[in-house]
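Encoded as structure tokens, the structure appears first; notes follow it.
Every number in this text was worked out from the coordinates using simple rules, so none of it is lab data. Please read all numbers here as calculations on a predicted model, not as lab measurements. Neighbour counts run over all protein chains shown; Cβ positions are idealised from the backbone, glycine included.
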Amino acid sequence: MPVMIEGVFGRNHVYASLAALALSSVLKFNMLTAVNALKNYDVSPGRMRLLKGINDSMIIDDTYNSSPFCL
């Protein structure tokens, strides 16, 4: 089954999605329902989230561990 997770970038999201689908399979959930549920995958801000930029550009938001303060 094709799986599309929009708005994310990085292997970590792929691994999390594959783990969720594997668990769904073990628990005998309907796989089509599980795949469709991934369309609602919500990415935390700063965790390799894709954002629309200007002039059809894309911005990768990887600011989770950044700090605006310098010591």
- For the chain, what is the mean residue ellipticity at 222 nm derived from helices alone (per DSSP H run of n ≥ 4: -39500 (n - 2.57); sum divided by total residues; nearest 500 deg cm²/dmol)? -10000 deg cm²/dmol
- Note on the structure: Longest principal axis of the chain (C-alpha) makes with the long axis of helix 11-26 (C-alpha) an angle, in degrees to the nearest 10, of 20
- Note on the structure: Any trypsin sites (Lys or Arg not before Pro) in segment 8-54 that lie in a DSSP loop and have at most 16 other Cβ atoms within 10 Å would be K28, R47
- Just one of [x] 25, 22, 12; [y] 20, 15, 10; [z] 30, 16, 8 is semi-axes √(5λ) of the Cα gyration tensor in Å calculated from these coordinates, so which is it? [z]
- Task: Evaluate E = 1/(1 + (r/R0)^6) for R47 and E6, where r is the Cβ-Cβ distance and R0 equals 25 Å; express this FRET efficiency to the nearest 0.05.
- Result: 0.95
